[in-house]
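A short write-up of the structure that comes next.
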Amino acid sequence: MKRFFTAFFAILLISAAAVGGLCFMHVNAPVVIAEAPVIEAAGAACLPSSGHAVTKTLWGYGEKETFIEGNDADLGLVPGRGFDIAFSSSAADTINGPLTSDTDFETAKAGSPSYCRINLEKDGTTLLDGADPESYGLFEYSENGDYDLTVDLGYEPAKGLDETDYHYHISFTLRPEPSAQISSAEAPQGGIVTLKLDPAFYTEEPQISTELGSAIFISQSDGSWLSVIPVWYAQEPGDYPVDVTLGDWSFSETVTVTRTEFGRQDLTIASSTVASTRGAAGANEDYAEKIKPTYEMADPVQYWDGPFIMPVEGRITTQFGLYRYTNGSKTPTRHTGIDLAIAKGTPVPASNSGRVLFAGPVIISGNTVVIEHGGGLKTYYMHLDTVDVSAGDMVTKGDIIGTVGTTGYSTGPHLHFEVKIGSMSLDPWSLFDGTSGLYTFDSTMEEKQ
Ligand SMILES: [Zn+2]
């Protein structure tokens, strides 16, 4: 920067020197006005309640001290569960010094407080005493009430010319209310709706009930609760209430079920196959005994991790929800999963992480594996050739659980893959492509896809 000298700057610097400290007359750039660091508390900008800011002069040693007082911040009602404090990075831009060159000035800009002490009181009781920002960040508020927060910032510059201290006092009332969000107010037949509940400081376990089907809450790592609600493929279109209670708080939301168009299939199956499976003595009882108990099993934890994977890349021989007319029958059955035709022996991975609830032979569905993914959401793998897991095993998404076969009520090697919550069969496709309501509140989805 070109140096020059004018009467204007002389007057400016003399006045600065009169208030502050030394002044060297070779200073020839505008005065840099010191600003007190601003603290952002729960999103509101707060100035120091007391302290002193030092105005430095670029290219010189002139300084002006400004005393600050009377900026106590009362933020009133804070509705969230936490109270975040952020320190403005520009706070130190103009308060470290002394500054004698461009280089010094740039270095000073990177300055930060040499200490920061945070005190927190609730109704006169000390909760934090001289905590650093990191310790404050680990502190979790756990009850409603009136709080007082004080922050002390100290700057100790290398040459000791402008020690600068700021004291902040911030009072606020923390009184969060529980809140619930639903992934979508409208859902197609075969879809999944999720409900996320922020319990505020309620410690009771929330309850959920809906005519749509079985649903439970599973706790999430951020302290919230999530419920996975089925919309059965044959659910009558219309409005269905979803009721949530949490202690003395309650919430009700309506889900509108919309119609999905499903196709039809005419199937001919050898009467001998029918006779040995569906028609076999005890086949229905066998299924009821082995598979139906899995319907109401639901682990109150989330095992699934990101999108479900399509277990095999087979040809789709029967779509989900299809109306199937077998051997000329006038009454259709519904196809509750997807059939993926592929060579016998093809490895079958777990579509997502979970707990194996059942693994073994069933007359109708052949060698079968059932995996609970949390919250009652399950996948079923049927007609397997071999089964490589056992009930009780924990599996990770992609682990091989068996191989494709044609066991049970089957006309050729294929995997019957099914998704259920309770007894409600659901459309697997939105779980594969990531568009399911299951993922609405999953903030990690983008990186996982
Ligand atoms: Zn099938």
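Rule-based calculations on the coordinates, nothing more; no lab input. Only a predicted model underlies this, so the values are computations on that prediction, with no experimental measurement involved. Counting neighbours? That spans all protein chains shown, and the Cβs are built from the backbone with ideal geometry, glycine included.
Listing for the model above:
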| quantity | calculated |
| --- | --- |
| Nonlocal amide H pairs with residue 423, under 5 Å, H built at 1.01 Å | 214 |
| Net lengthening on full extension, residue 114/residue 171 (0.36 nm per residue, minus Cα-Cα) | 18.1 nm |
| Cα-centred dipole magnitude for the range 203-290, charges only on beta-carbon of K, R (+1) and D, E (-1), debye, nearest 20 | 540 debye |
| Selected from 439, 341, 379, residue furthest toward positive end of dipole (the range 311-449; charges at beta carbon) | 341 |
| Efficiency of FRET from Cβ geometry, residue 301 and residue 256, R₀ 30 Å, rounded to 0.05 | 0.50 |
| Net lengthening on full extension, residue 243/residue 134 (0.36 nm per residue, minus Cα-Cα) | 35.3 nm |
| Rounded Å value of the spacing that divides the Cα centres of the range 290-327 and the range 407-442 | 3 Å |
| Reference-scaled alpha-carbon Rg (2.2 N^0.38 Å with N residues) for the range 177-449 | 1.02 |
| Additional length obtainable on full extension of the chain from residue 146 to residue 435, 0.36 nm per residue less Cα span | 99.8 nm |
| Dipole of the range 177-449, positive direction: furthest Cα of 201, 320, 256, with charges on the beta-carbon | 320 |
| Burial ranking of peptide ranges 245-254, 331-340, 214-223 (average Cβ count within 10 Å, highest at the top) | 331-340, 214-223, 245-254 |
| Loop-located chymotrypsin sites (Phe, Trp or Tyr not before Pro) in the range 371-449 whose Cβ has at most 11 other Cβ within 10 Å (DSSP) | none |
